[in-house]
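Data first, discussion second: the structure below is written as structure tokens.
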Amino acid sequence: MFFRAVTLFSICLAFLLTSCAPKHSEIVLAKYNSEEVKMKEFEDVYSKNAGGYEQAKDDSLDKLKNFLDLYVNFKMKLKDAKVRGYNQDPSLINELTDYKKKVGVTYLIEKELVEPGIKDLYERRKTELRVSHLMIRPDSTGEEAARNFTQKILDSIKAGASFEEMTAKYSQDTYSKNLGGDIFYVTAGLLPLEFENAMYQTEPGKVYPEVVKTPYGFHIIKVNEKKDRIASVRASHILVDFNNEDGTVDSAAAKSRIDSVLTALKNGESFEKLAKQYSEDPGSKEQGGDLGFFERRMMVKEFDEAAFRLKVNEISDVVKTNYGYHIIKVTDIKKMPTFEEDKENLKKLFKQTRYQKLYDEFVANLKKKFNFKINEDNMKFVMKQSDTLLFSEPNPKLDELKDKELISYNGKSVNYGTIEEKALTLSEFSGRTYSYDSFKSLLDKVGTDLVLEEEAMNLDQRNPEFASLMDDYKNGIYIFKLQDEEVWGKIKLDSAKLVDHYNATKENYKWNDRVSYSEIFSSKDSLINHYYSLLQKGENFDSVAAKYTERAGFRDKAGFYGLTEANANQMSKEAYNLKNKGEYSRPFQVPGGWAIVKLNNKEASRLKTFEEAKAEVSGSFQEAESKRLEQQYIDNLKKIYKPEFNYQELGKAFTTED
């Protein structure tokens, strides 16, 4: 009975202890005043600084403890910044706002336009489609007439007319019209975005239900096939062209030759050996016919179609192209790259093929969202008052015109005075006058910048990553101002203090062994030997150096080098090894040529004088003062906020998750 009671008591006690224990993320690691640093906050910040969670979990307890100390110091500083009213400081608010606009616009475009765009491009490029189209180009009757005509053809196809017959009859794409409109296999990034969007929305065997407009004209689009895309294949081929040895064309003889090669292959002979023996492609025959890797549409259509149907090590039948007869062997197939592997290529393709259109749509949607408007009446009034004036010139009638509202958006107004300020800084408008088109273009440009900045100002409300970035920047400018007030601004450079610091630390400022020398340099060993013979005959070293040395900038100085560390380079080493002033070396090789050096002076290692070390002393003094003042500031914060640390809980960091 007693054993049972003890057991029940132990179970209840364990339950109570477990129930009372905080969740891992809620474990308090430190307190300062009424604030706490909990495990989740610490792990997030530490892993961010350590390069990731996996790297962080392997770090020692000493590293975690040191970081916790520094982090609490950081948090106390931010608390102090709030007490000092930094969050209401107009200059800091303006700096933060400017940063938010500039960085926010870049971030907005990257995260909400480019990144989704390249991810969509990647997903689409996993599929390839065989597509046909019928195209009508606008003519002198105008775009609307071309659209209406294309629509009538589409209506006929919807009513049962043959797409291929209508294409042969009406299409103005001369390349594809006699092929039923077939433009072969395509994937995302190859065609105008309007065309691409339509084809990816259409099922195989179907015609897209609307007329599609692209920069080339109006299109009716039919999708014939959709399948998983093969990124690229590696293939070899044996080519027999249509020409006889005398240059005459004889396709029958060529067909006979290629058939005999195919028979040999079927009987087990080596493809590579036969390619070297029979192929008439000089670029690949010596490599056994190897063409390397290629993607869709890099080869002629017939070759492409045959190659991309083969499996690895499979050999085709005879394939005829404009170049002759081919037998193709696929030797490798490259799988689709991962998103990360293909990311840079996707970015480049995105910028080339769709960025501008999607950017324009993005901006247009923002202008609609913020009710962006141009005041046409005021615009025309300003334009008339500014006739013949360039945008790059200050307007002499500014006082009369500056309050005219030209732009409104999101309840805000932009007057001509602000527009002129911007116009004076925009080089793209510097040579243009206040015509209607150029003025409208300027206002659209300014309006684009304004709505992007307006959207960026709200970005932290919906994007936690950007909100975190803004917090980091805000904290950074607060800490910078604190350091300026408490540390850097309090350092006073005083001659007496510098001398005292020098005397206390003079062992830190030393000259190593030094040497002064002169050099005769030549890029040719024959010349340097000639100069050496002149010296041997008694000619003055400085005179020879002034006349002949080829070192740029040293002929006027007779090759003279001032005091240099003895081990600084090969020349200083050679010079230091000489015993007597005026003694010179034998010729020796140096980078770029040959040299002879003469010893001018040697100076053994010694302590620097105060004057010689003054710059170093100043730097050392400022560093020491910074550390002293920083510690003094931290000590004052500790007196105010009285931090407490639960170092024993750090052993649980990066070990348990809620």
Hits in region 277-303 - residues which are surrounded by fewer than 19 Cβ atoms within 10 Å (Cβ to Cβ) and of a type in the set (A, V, I, L, M, F, W, C):
PHE293, PHE294, MET298, VAL300
Could you check, for region 79-99, whether at least one of its residues is hydroxyl-bearing (Ser, Thr, Tyr) and in contact with a strand residue (DSSP E or B) (Cβ under 6 Å, 6 or more places away or on another chain)?
no
Test of understanding: among THR448, THR425, which residue is under 30 Å from ASN395 (Cα atoms) and part of a loop (DSSP other than H, G, I, E, B)?
THR425
Subset tally (residues that are in contact (Cβ under 8 Å) with a residue 24 or more places away in the chain and of a type in the set (Ser, Thr, Tyr)) for region 101-123
2
The condition of being at pLDDT 95 or above, open to solvent by less than 30 Å² (accessible area, probe 1.4 Å) and over 30 Å from GLY619 (Cβ atoms) holds, among SER518, SER523, only for SER518
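Could you check, for region 489-501, whether at least one of its residues is under 30 Å from GLY582 (Cα atoms), of a type in the set (A, V, I, L, M, F, W, C) and surrounded by 15 or more Cβ atoms within 10 Å (Cβ to Cβ)?
no
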I need a count of the residues in region 545-556 that are surrounded by fewer than 18 Cβ atoms within 10 Å (Cβ to Cβ) and without any contact (Cβ under 8 Å) to a residue 24 or more places away in the chain.
5
State whether the residues of region 372-382 include one that is within 27 Å of ALA456 (Cα to Cα), without any contact (Cβ under 8 Å) to a residue 40 or more places away in the chain and under 37 Å from the mean Cα position of the chain (by Cα).
yes
Would you check which residues across region 295-329 are in contact with a Lys or Arg (Cβ under 7 Å, 6 or more places away or on another chain) and of a type in the set (Val, Ile, Thr) and list them?
ILE315
Unique match (being at pLDDT 95 or above, surrounded by fewer than 13 Cβ atoms within 10 Å (Cβ to Cβ), among the polar types (S, T, N, Q) and under 44 Å from the mean Cα position of the chain (by Cα)) among GLN631, GLN622:
GLN631
Take the conditions at pLDDT 95 or above, open to solvent by less than 70 Å² (accessible area, probe 1.4 Å), among the aliphatic types (A, V, I, L, M) and within 21 Å of TYR99 (Cα to Cα) and apply them to ILE407. Does it pass?
no
Just one listed residue, out of GLU565, GLU583, GLU603, GLU550, is closer than 14 Å to SER516 by Cα, charged (D, E, K, R) and under 45 Å from the mean Cα position of the chain (by Cα), and it is GLU565
Given (1) among the hydroxyl-bearing types (Ser, Thr, Tyr); (2) closer than 30 Å to PRO464 by Cβ; (3) modelled with pLDDT under 95, index of the condition SER140 fails:
(2)
Which pairs have Cβ atoms under 8 Å, sit 6 or more apart or on different chains, and link a residue in region 143-161 that is under 11 Å from HIS219 (Cα atoms) to one that is open to solvent by 40 Å² or more (accessible area, probe 1.4 Å) and of a type in the set (Asp, Glu)?
ALA146/ASP139; LEU154/GLU210
Residues of region 564-588 that turn out to be open to solvent by 80 Å² or more (accessible area, probe 1.4 Å) and in contact (Cβ under 8 Å) with a residue 40 or more places away in the chain, as a count:
3
Residues in region 258-272: is at least one within 27 Å of LYS227 (Cβ to Cβ), out of contact with any helix residue (DSSP H, G or I) (no Cβ under 6 Å at 6 or more places or on another chain), surrounded by 17 or more Cβ atoms within 10 Å (Cβ to Cβ) and touching a residue at least 60 places away in the same chain (Cβ under 8 Å)?
no
Counting just the residues of region 246-303 that are among the β-branched types (Val, Ile, Thr) and not in a helix (DSSP H, G or I), which one comes out farthest from VAL318 (Cα to Cα)?
THR248
Considering only region 634-658, state which residues are farther than 15 Å from GLU43 by Cα, open to solvent by less than 80 Å² (accessible area, probe 1.4 Å) and of a type in the set (A, V, I, L, M, F, W, C).
ILE634, LEU637, PHE645
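Yes/no per residue for (1) at positive phi; (2) surrounded by fewer than 19 Cβ atoms within 10 Å (Cβ to Cβ):
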| residue | (1), (2) |
| --- | --- |
| GLU112 | no, yes |
| GLU115 | no, yes |
| THR141 | no, yes |
| LYS169 | no, yes |
| TYR200 | no, yes |
| GLY205 | yes, yes |
| VAL211 | no, no |
Any chance SER572 is within 20 Å of ASN508 (Cα to Cα) and either out of contact with any helix residue (DSSP H, G or I) (no Cβ under 8 Å at 6 or more places or on another chain) or modelled with pLDDT of 95 or more (or both)
no
Scan region 645-655 and tell me whether some residue there is touching a residue at least 40 places away in the same chain (Cβ under 8 Å), touching an Asp or Glu at 6+ places or on another chain (Cβ under 7 Å) and under 25 Å from ASN512 (Cβ atoms).
no
Please find, within region 427-440, the residue that is nearest to ASP387 (Cα to Cα) out of those that are without any contact (Cβ under 8 Å) to a residue 40 or more places away in the chain and exposed (fewer than 14 other Cβ atoms within 10 Å of the Cβ).
ASP437
Out of the residues in region 116-132 meeting the condition of being of a type in the set (A, V, I, L, M, F, W, C) and in a helix (DSSP H, G or I), tell me which one is farthest from the chain's Cα centre (by Cα).
LEU121
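The values are calculated or read from the model by the stated rules, or taken from the named source; none is laboratory data. Here the structure is a predicted model, which is why all the values come from computation and not from measurement. Note: ideal-geometry Cβ built from the backbone for every residue, glycine included; neighbour counts use all protein chains shown. Note: accessible area is taken over every heavy atom of the protein model, side chains too, but ligands, DNA and RNA are not part of it. Shrake-Rupley method; radii C 1.70, N 1.55, O 1.52, S 1.80 Å.
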